[in-house]
Every structure is written in structure tokens, then in C-alpha cells.
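See below for the structure under consideration.
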Amino acid sequence: MAIIKRKISPRQKMINLMYVVLMAMLALNISTEVLNGFSIVEESLNRTTRNSSKENEAIFDELEKMMQKNPQKVKEWFIMASTVRQMSDSLYNYAQDLKLRIVKESDGTKGDPFNIKNKDDLEAASYVMLSPGTGEGGKLYKAINRYRVRILKFVSDPVQRSIIASNLSTEVPNSSMGKNWQEYMFEDMPTAAAVTLLSKLQSDVRYAEGEVLHSLVANVGLKDIRVNKLQAFVVPSQTRLYPGEIMTAQMFIGAVDSTQQPQVYVNGQLIRGNKITIKAGTPGKHTLNGYILIKDLSGNVLRRNFSQDYWVTGGPQPKHYISPDGMQKKPPFDGMATIAADLMNVLYAGFDNPITISIPNTSQGDVQATMSGGSLVSRGGGHFIARPSAVGQPVTIAVSAKGRKVGEYKFRVRKLPDPSPYIAMGGDRFKSGALSKGALMSAPGIHAAIDDGLLDIPFTVTSFRAVFFDNMGNAVPMASNGSNFSAQQKEQFRHLSRNKRFYITNVVVHGPDGTTRTLNGRNMEVIVQ
């Protein structure tokens, strides 16, 4: 007997459909215990992140104090640390803003990420992160990738690089069923879980920032003292003496640290300071021996030996001598020629180096001098201008008087050192640090000069870049073809608020030696006040 199917009424069909929907909703429901577990993880992440932030702030403060004490030594590392902190804060604050938006979408305008009410809301995160056109997921994906690439440039240790790259990875597993990163992370994700994922990102950012800051602080000490290049020197006032004359000698380490006073031992005895006075004794060759002790930043004591020969002649020459024709006359000259570079014991190629040449008891008009490897021009009164032609090839200045060679001296030839860029402030030179907005707006542009206390040589600035940062921490470079600030740069100055920073980089200069160079590593940091 055949079974006759009973026709199902439309009402029963609706009831059956509602049951299926209810079963699906029950299957998707997340237990309260799991959601509370997310809250526990969230609290732990926030605690860890707060501790990391405090530690990073302490490291940065230490670096800032070192910068105030010795800006020339610390400036390079401080600029890098400021860049790392700025871009880390940018990504961290972006994640915090997304957390707040998701919770407000779930709990209303008074939503609080630290006290989520609708933890199981499955739509709030998807709406904020994945909405077509306005979703923030793709922007966050790009921001994380940019930050990872930039932060890894500051990390050299392979283990640290691997950990940071893994923490900030945006790769999706093969089981993602074709979803992109933002869909995999936030699609149908409960509010509590989405907020926890963003908190983990903030924790990873602070970890990466801390690793880089630790490395930068350590590098200050590494660059400060290069152990294999330190040498001890002794510089005497003269190396040939008559009996009874006084010689002064100065000992120093080639890389001087002004924050500590080295200990100097001469002939086994500790001396005060780094100068000694020696009275010439018996004629002949004498040697000044000793060593210098200095500590590096780790507290290790470094020792460098020094040795300097000097000679004592047999006595002063007579005021007169007997010439071959039997007549008593004054000697044509008395003693050795003194040749001194007015700047230092090196000459700079392509540059007019002032030289002073003198011979005791000899008229300056009777002094002649020549130089190999360049030109030597007399300016009168024992003053000459030496202009070597090539870098790295020593030149020799030979001195003669009345047709007789008296002495010579070999000088090393170097390239003029790089100048420092600065902003002219009346009679002062602003090189880095805080600057009032009014002073900045009134400054015409950038200058450059070597002004290390010994040299003061101006260079011509031909171009430079001003690097600003937008609200996302992205660098916004603006170039100027010349020494003056461009109209675009001036307009950007007007929009800078208090404590905003920007940098002057890629300064290209033309020197008096005819060379054109880019001042890499000599950037200016300007903090608007």
C-alpha cells in the first residue's frame, strides 16, 4: 500500500525554517567562559604593554640625558631613537583608536575598551575593519607592513630580527580558505577577541621599540671608543734644545673623551694633568717614555703607550764666527728653521693653508721656501699659503736662507672635513634642538661651515631636504634647490604645532677646495617651541 505524503502547510514551513535558524545561532554562540578568557588575556597584555612602555621611556630619558651632556657623541643615536619612538607611537595610537571604535560600535557611544559589555557582538569588528570603502583593515595591514620594514632597519642581531618579524607578520595560514589578512583576523570576530588582537599588536610594537632602543644606547658606547684605533701621542714644544732651555710636552689619546680625565704616567710616575716641563740636560738624544690609562663606558681600563725622542744640542752658537778670510762676522743664521701650519699638523688639499716659517736670528727677507706636490706662495713676514694638489700624498716644505738649506718638514695631506649645517640666528649658529617658531619663520635658510674651534671655513649649500612627519608617522620629505627654505617648506613650518619635530637632511654643499659633497650623518633636528 502506497504511503500518501501529507502536504505541509505554509505555517509549518515557517516554523521549520525558524528552527533551523535557531540551531545555527546556537551553534555559533560563544560561551561566556571563552569570552571572559579573552578579558583575562586582554588585562595581561595591557599590563605587559604598560611595563614595556615605562621601560622604553626610561631608556629614552637616559639617552636624552646623554644627548644633553655630549650632543656631538650622542646626536646620531638620539635622532634614530626619536624616529623609532615616533613611528612606534603612531602605530600604537592607531591600534588604540581602532579598539575604541569597535567597542563603541558594539556598546554605543559610551563604550569603554576596558569594560566591554557586548563581548559576543560578531558584527562590530567586521563593520569597522571590513566595510567596503571605509574599512580600516586594509589600512592597518599596510601600516603594520610599513612599520615592520622600517623597524627592522635598526636591528642587526639575527635573533632579534627573527622575533620582531614573526611578531609583526601579516601572513595568513593555508587554512584561511582564500581570505586576506584583514578578513582572516576580523571577519565574524567577537568584539572581545578583536580588541585582544589589537592589544597584542600594541604589545608587539612596544617590544620591538624596546629592543631597538636598547641597541641604540649600547651603540653610543661602541662608537665612543674604538679600542683598536686608539693611540697615545706626545707633542713637545720643540725637539732640539740648548742646555738650560725649557721644553713643554703634552700627552693625549687620539680619541678624546671630555667626560673623563685620563691618567698619564711618565717614566713610571703619575703626573698631574697631561703636561710636563723638562729642563734640557746633557747634549745628545733623549727619550720621553710613558703610558696613558683611560676607561671605556663599560668600566674597562685601556692602556696606550707613548714614546718621543728629543735632542739637546752642544750649546748656543757664538754671536760671531771667523770667516775664511779671517774677518769676524755674525753667522748668517742661528739654529734650525721653524715651520708651523697655523691650523694644525696637516694640510688640506685644494685649500689655502696658512703657514708660518721662521729662522732664529735670520731676517724674514732672507728666508726662502719651496713645497713639493703643490704651490707655496709667500705673503711676507714669514707667512706663506700652502695649497697641496692631491689628497693622501704627503708634501715636503724645504726652507733655505742665503742659498743654504736649513730644514724641511713633511706634512700629511687630507681632504677638508665635512662641515656642519646650521641656521644663522644673528651671531649664533643653531645646529639642533629646540627653536621658537618665530625664529624659524624668520630664518632664510641653511648654512654650513667647519667650526670646530680650530677651523672656521664656510661652505656653500646647494640643496637640502626638510623631512616632516604626518599624523601616521610617515616621513614627508620636501626638497629645496639652494640654501634658502622653499615656499612649500615655509608653509609647512606654519602648520607645525609646539613640540613637533622635523629634520634637515641630505644637505649638499660646495667647498672652497672645489669639492661637492652630501653631508650624510650630519642631520639637523629641530623641535618647534
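The values are calculated or read from the model by the stated rules, or taken from the named source; none is laboratory data. In this text the structure is predicted, and so the values were computed from the model without any measurement. No Cβ is skipped: glycine too gets one built from the backbone with ideal geometry, and neighbour counts run over all protein chains shown.
What to note about this one:
- Residue match in the stretch 131-142 (condition: under 41 Å from the mean Cα position of the chain (by Cα), of a type in the set (Phe, Trp, Tyr), farther than 30 Å from Trp77 by Cα and assigned to a helix (DSSP H, G or I)): no
Here's the yes/no breakdown for (1) part of a helix (DSSP H, G or I); (2) within 24 Å of the chain's Cα centre (by Cα); (3) at pLDDT 85 or above:
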{"residue": "Ser162", "(1), (2), (3)": "yes, no, yes"}
{"residue": "Ser169", "(1), (2), (3)": "no, no, yes"}
{"residue": "Lys179", "(1), (2), (3)": "no, no, yes"}
{"residue": "Leu197", "(1), (2), (3)": "yes, no, yes"}
{"residue": "Gln202", "(1), (2), (3)": "yes, no, yes"}
{"residue": "Ala208", "(1), (2), (3)": "yes, yes, yes"}
{"residue": "Val212", "(1), (2), (3)": "yes, yes, yes"}
{"residue": "Ala218", "(1), (2), (3)": "yes, yes, no"}
{"residue": "Lys223", "(1), (2), (3)": "yes, yes, no"}
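- Flag if Gly438 is on the phi > 0 side of the Ramachandran plot and not β-branched (Val, Ile, Thr): no
- Residue check, Val377 in contact with an Asp or Glu (Cβ under 7 Å, 6 or more places away or on another chain), over 18 Å from Thr515 (Cβ atoms) and at pLDDT 85 or above: no
- Within the span defined as the stretch 469-486, one or more residues are of a type in the set (S, T, N, Q), in a strand (DSSP E or B), at pLDDT 90 or above and touching a Pro at 6+ places or on another chain (Cβ under 7 Å).
- When the criteria are applied in full, Ala401 fails the requirement of being surrounded by fewer than 15 Cβ atoms within 10 Å (Cβ to Cβ) and under 25 Å from Asp352 (Cα atoms).
- Identity of the residue in the stretch 101-125, assigned to a helix (DSSP H, G or I) and of a type outside the set (A, V, I, L, M, F, W, C), that ends up surrounded by the fewest Cβ atoms within 10 Å (Cβ to Cβ): Lys104
- Out of Ala58, Ala24, one residue alone is over 19 Å from Thr191 (Cα atoms), over 19 Å from the mean Cα position of the chain (by Cα), modelled with pLDDT under 85 and not β-branched (Val, Ile, Thr). It is Ala24.
- The stretch 487-529, subset hydroxyl-bearing (Ser, Thr, Tyr) and surrounded by fewer than 16 Cβ atoms within 10 Å (Cβ to Cβ), residue farthest from Arg387 (Cα to Cα): Ser497
- For the stretch 50-84, residues that are without any contact (Cβ under 8 Å) to a residue 60 or more places away in the chain and either of a type outside the set (A, V, I, L, M, F, W, C) or not assigned by TED's automatic domain parsing to the domain that holds Arg148 (or both) total 10.
Yes/no matrix, rows are residues, columns are (1) touching a helix residue (DSSP H, G or I) at 6+ places or on another chain (Cβ under 9 Å); (2) of a type in the set (Val, Ile, Thr); (3) under 20 Å from Val205 (Cα atoms):
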{"residue": "Ser52", "(1), (2), (3)": "yes, no, yes"}
{"residue": "Glu76", "(1), (2), (3)": "yes, no, no"}
{"residue": "Met80", "(1), (2), (3)": "yes, no, yes"}
{"residue": "Gln86", "(1), (2), (3)": "no, no, yes"}
{"residue": "Asp89", "(1), (2), (3)": "yes, no, yes"}
{"residue": "Asp97", "(1), (2), (3)": "no, no, yes"}
{"residue": "Lys104", "(1), (2), (3)": "yes, no, no"}
{"residue": "Pro113", "(1), (2), (3)": "yes, no, yes"}
{"residue": "Leu122", "(1), (2), (3)": "yes, no, no"}
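- Filtered by the rule that a residue be within 20 Å of Tyr147 (Cβ to Cβ) and either part of a loop (DSSP other than H, G, I, E, B) or touching an Asp or Glu at 6+ places or on another chain (Cβ under 8 Å) (or both), the stretch 67-100 gives Ile79, Ser82, Val84, Arg85, Ser88, Leu98.
- Any chance Asp89 is farther than 22 Å from Thr170 by Cα and among the charged types (D, E, K, R): no
- Tally, over the stretch 420-449, of residues that are exposed (fewer than 12 other Cβ atoms within 10 Å of the Cβ), over 16 Å from Arg494 (Cα atoms) and not acidic (Asp, Glu): 2
- Single unsatisfied condition, Gly473 versus (1) touching a strand residue (DSSP E or B) at 6+ places or on another chain (Cβ under 9 Å); (2) over 18 Å from Ser420 (Cα atoms); (3) buried (at least 16 other Cβ atoms within 10 Å of the Cβ): (1)
- In the stretch 68-86, residue surrounded by the most Cβ atoms within 10 Å (Cβ to Cβ) [restricted to those that are of a type outside the set (S, T, N, Q) and in contact with a Ser or Thr (Cβ under 8 Å, 6 or more places away or on another chain)]: Lys75
- First in the stretch 490-514 and of a type in the set (Gly, Ala, Ser), second anywhere and surrounded by 18 or more Cβ atoms within 10 Å (Cβ to Cβ), Cβ under 6 Å, 6 or more apart: Gly511/Leu416; Gly511/Phe459; Gly514/Gly350
- Restricted to the stretch 247-282, and to residues there that are at pLDDT 80 or above and within 31 Å of the chain's Cα centre (by Cα), the residue that is surrounded by the most Cβ atoms within 10 Å (Cβ to Cβ) is Pro262.
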